[in-house]
Amino acid sequence: MIDLQHVSVAYEDTYALRDVSLSIEKGEFVFLVGASGAGKSTLIRLLYHGQLPTSGKVIVAGQRVNELRSHDVPYFRRKMGIVFQDFGLLPDKTVFENVAFALRVIGASRRDIRRQAPLILEMVGLDGRCDALPAQLSGGEQQRVAIARALVNNPPLLLADEPTGNLDPETSKGIIDLLHHINLRGTTVLVATHDQIVVDCFRRRVIELDKGHLVRDEEGGAYFNAVIQSSVPV
Amino acid sequence: MPLSSLAFLFEEAAKNIRRHSLMSFAALGTVAMSLAVFGGALYGIYRVNQVVSAQPSQLEILAFMHVKTRRSEALAVMQRIQKLPSVKSVNLVTKEQAWAHFMAEDRLNKTNLTTAVTGNPLPDRLDIRVKNPHELGAVADQLRNQTLFPQIKSVLDDHRLLKILLAGVGLLRVVGGLLAFLLFCATTFIIHNTLRLTLVARRREIRIMQLVGATSWFIRLPLVLEGTFHGLAGGIIAGVIVLIAANSISNLMSQFQSKLSLVSVSAGNPIFIVLLLAVAGALIGMGASLFSIRRFLARA
């Protein structure tokens, strides 16, 4: 599903990513961890053509991202759902309209919108709040709307950049639970996070970045590298 | 693009105009004012042009034959002049017609000049109209050439007033054209700036649209519709303002005509100015919005 080959992203004299190579198969659930500035968001941006690499190849869903023509980018982005820390909801549209918006954009008919949007809202547990505005929802609920919007087109890939960054631990766990549930339906999920609790709790594949370098790729890993943790004196 | 998407985009444009009503009002007002000044200048030029082109005597050359020139010779000269490329029409005024006209005027003005004259001393005359007023002088000079037209004794092309009017119209065209260009630029800039502010206010919405896979036309269309609406509505308001002002412009023109003893021309139906400004406004609005969005999306 995702294949990065010797990818570097440079800003004048500094590197956001340096010679990163990794591969994520279809149906995987992966945590991308690292301190602030490690390069997590840059890597996520590369995957949805929000940014281009300075060197290397980025392949997502069989398409070479760096070779996409600008008019192909919207169609490429329809193959994935993207969730952000700030939820990215339209404040003057209701929950239903926010979710329907993603369908409108791809030219779905009114009938399809009426059919698909309530189903996805039910899946994220917001079927009773269709007419609420984002400001009337809690942070967790807003993130659920964002996830619903990202998934309403049934994309094979879900990218989440710090989806729990603005949420309390309990709500964060609920959101990751939801992402896990989505992954069980076959969607590939990549979550960039520095939320230790959720990573440790779910124990899935962990890819760690440090100052732009890929320093760990561990199946069933924790937030911190077990070797480093064990070497730290108590 | 499916019909449902098109309907959605129109709805979005209408919602945005309502939601950003203050911004819309500012854009619409400035467009209306700029186009009103532009339209007023344009209407003024149009009226002056109308008056100038309606002064027949000023566009004519009078060519007097020698008194002894035979009618057949005069007719031959008339045919030759008719063939000149700059000439629009030639009319032969026979010495008899000229004498009858002269006597009628003499009686009317009670000058009793005709009583002192025996016989008809007047020659045949050719009244020549040219296609372009600017060519009057050149045609008159050709007719004065005795080698070409030995039958013609004298040529009268007193177009001093026309020269002044043409110079005035020329100046008006240059100044008006310059003014129109400046106002066009100002109007385009105002719409562009208003849309830029709108785009900055909506950058979050645009970012979300891009992330969920909206094509650039899906993002552009509501904004282009908004820009076109601002231009169109501003143009209609400007047209109505000019329509109201047209009366005053026509009054001013009448005074000008009577002072210079010019033939007066009816203003006709100035409703065309409303249509012209509405179309101009819509085109400016559309062009400016397309330009601003293109630049914004290129940077996004």
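Miscellaneous remarks
- Looking across A:A222, A:A117, one residue alone is crowded, with 22+ Cβ neighbours inside 10 Å, free of Cβ contacts under 8 Å to residues at least 40 places away in the same chain and not acidic (D, E). It is A:A117.
Residue by residue, here is whether (1) at pLDDT 75 or above; (2) surrounded by 15 or more Cβ atoms within 10 Å (Cβ to Cβ) holds:
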{"residue": "B:Q97", "(1), (2)": "yes, no"}
{"residue": "B:F102", "(1), (2)": "yes, yes"}
{"residue": "B:Q146", "(1), (2)": "yes, no"}
{"residue": "B:L165", "(1), (2)": "no, yes"}
{"residue": "B:C185", "(1), (2)": "yes, no"}
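- Taking the conditions (1) away from chain B (no Cβ under 14 Å); (2) not in a strand (DSSP E or B) in turn, A:R45 satisfies each one other than (1).
- Residue match in segment B:265-272 (condition: of a type in the set (A, V, I, L, M, F, W, C) and modelled with pLDDT under 70): yes
- Here A:V33 clears all of (1) touching a Phe, Trp or Tyr at 6+ places or on another chain (Cβ under 7 Å); (2) more than 22 Å from A:D200 (Cβ to Cβ) except the condition numbered (2).
- Pick from segment A:201-234, criterion touching a helix residue (DSSP H, G or I) at 6+ places or on another chain (Cβ under 7 Å) and modelled with pLDDT of 90 or more, ranking: farthest from A:G37 (Cα to Cα): A:V206
- Residue count, segment A:182-207 (criterion: at negative phi and free of Cβ contacts under 8 Å to residues at least 24 places away in the same chain): 3
- Condition met for B:G177 (within 30 Å of B:R18 (Cα to Cα) and away from every other protein chain (no Cβ under 14 Å)): no
- Matching residues, segment A:103-118, being more than 7 Å from chain B (Cβ to nearest Cβ) and outside any loop (DSSP other than H, G, I, E, B): A:L103, A:R111, A:D112, A:I113, A:R114, A:R115, A:Q116, A:A117, A:P118
- In segment A:89-102, the count of residues that are within 12 Å of another protein chain (Cβ to nearest Cβ), charged (D, E, K, R) and touching a residue at least 40 places away in the same chain (Cβ under 8 Å) is one or more.
- Only one of A:V145, A:V124, A:V152 that is over 9 Å from A:G81 (Cβ atoms), within 13 Å of another protein chain (Cβ to nearest Cβ), surrounded by 18 or more Cβ atoms within 10 Å (Cβ to Cβ) and hydrophobic (A, V, I, L, M, F, W, C): A:V145
- Residues (out of contact with any helix residue (DSSP H, G or I) (no Cβ under 6 Å at 6 or more places or on another chain) and crowded, with 20+ Cβ neighbours inside 10 Å) located in segment B:207-217: B:I208, B:Q210, B:L211
- When residues of segment A:76-88 are limited to those that are within 7 Å of another protein chain (Cβ to nearest Cβ) and either in a helix (DSSP H, G or I) or of a type in the set (K, R) (or both), the one surrounded by the most Cβ atoms within 10 Å (Cβ to Cβ): A:R77
- Taken over segment A:52-75, the criterion of being free of Cβ contacts under 8 Å to residues at least 60 places away in the same chain, within 18 Å of A:I24 (Cβ to Cβ) and crowded, with 17+ Cβ neighbours inside 10 Å is satisfied by A:P53, A:G56, A:V58, A:I59, A:V65.
- On inspection, B:A180 fails the criterion of being crowded, with 19+ Cβ neighbours inside 10 Å and either of a type outside the set (G, A, S) or not in a loop (DSSP other than H, G, I, E, B) (or both).
- Each residue in segment A:119-133 was checked for being acidic (D, E) and either under 19 Å from A:I175 (Cβ atoms) or part of a helix (DSSP H, G or I) (or both), and 2 of them qualify.
- Of everything in segment B:193-229 that is of a type in the set (F, W, Y) and within 10 Å of another protein chain (Cβ to nearest Cβ), the residue that is nearest to the chain's Cα centre (by Cα) is B:W217.
The values are calculated or read from the model by the stated rules, or taken from the named source; none is laboratory data. Please read these numbers as outputs of a predicted model, since none were measured by experiment. Cβ sites come from the backbone with ideal geometry, for glycine too, and all protein chains shown count toward neighbours.
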